[in-house]
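*Asks:* Structure in structure tokens, see below.
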Amino acid sequence: MRTYTLAIADDVLFVCLPDEADIAGAIRETTCTAYGHGIELEISRGAILTDRPEAEDQVIWADSPNGELTDADGRAYRYAVRRRS
């Protein structure tokens, strides 16, 4: 199962990319053009995108007007979760 890295600040989702992607480059580009250089981001790696979180999942992000979750193929999801094994 593919996992994703999310970058969040001020309740806004800036980046949702596969863990193996150039996260640092995407963060630099997004924060410099969309919000302002030097913001403090919360980075969450290893998230699973899903429409139905399981009871033991920790929800990292829920789809909202402040950022939608899409996978590498452009499919939309409602939640990014950290799944407990």
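*Asks:* Tally the residues that are aliphatic (A, V, I, L, M), surrounded by 21 or more Cβ atoms within 10 Å (Cβ to Cβ) and under 10 Å from Leu49 (Cβ atoms), restricting the search to the range 1-16.
*Replies:* So the count comes out to 1.
*Asks:* Could you check, for the range 17-27, whether at least one of its residues is open to solvent by 30 Å² or more (accessible area, probe 1.4 Å), in a strand (DSSP E or B), out of contact with any Cys (no Cβ under 9 Å at 6 or more places or on another chain) and modelled with pLDDT of 90 or more?
*Replies:* yes
*Asks:* With the structure loaded, tell me whether Ala47 is without any contact (Cβ under 8 Å) to a residue 60 or more places away in the chain, in a strand (DSSP E or B) and surrounded by 12 or more Cβ atoms within 10 Å (Cβ to Cβ) or whether it fails that test.
*Replies:* Criteria met by Ala47.
*Asks:* Residues in the range 28-85 that are under 24 Å from Met1 (Cβ atoms), more than 13 Å from the chain's Cα centre (by Cα) and at pLDDT below 90: how many?
*Replies:* Selection size over the range 28-85: 2.
The values are calculated or read from the model by the stated rules, or taken from the named source; none is laboratory data. All values derive from a computational prediction rather than experimental measurement. Please note: Cβ atoms are built from the backbone with ideal geometry, for glycine as well, and neighbour counts cover all protein chains shown. Just so you know, the surface numbers come from the protein's heavy atoms only, side chains and all, with ligands and any DNA or RNA stripped out. Shrake-Rupley method; radii C 1.70, N 1.55, O 1.52, S 1.80 Å.
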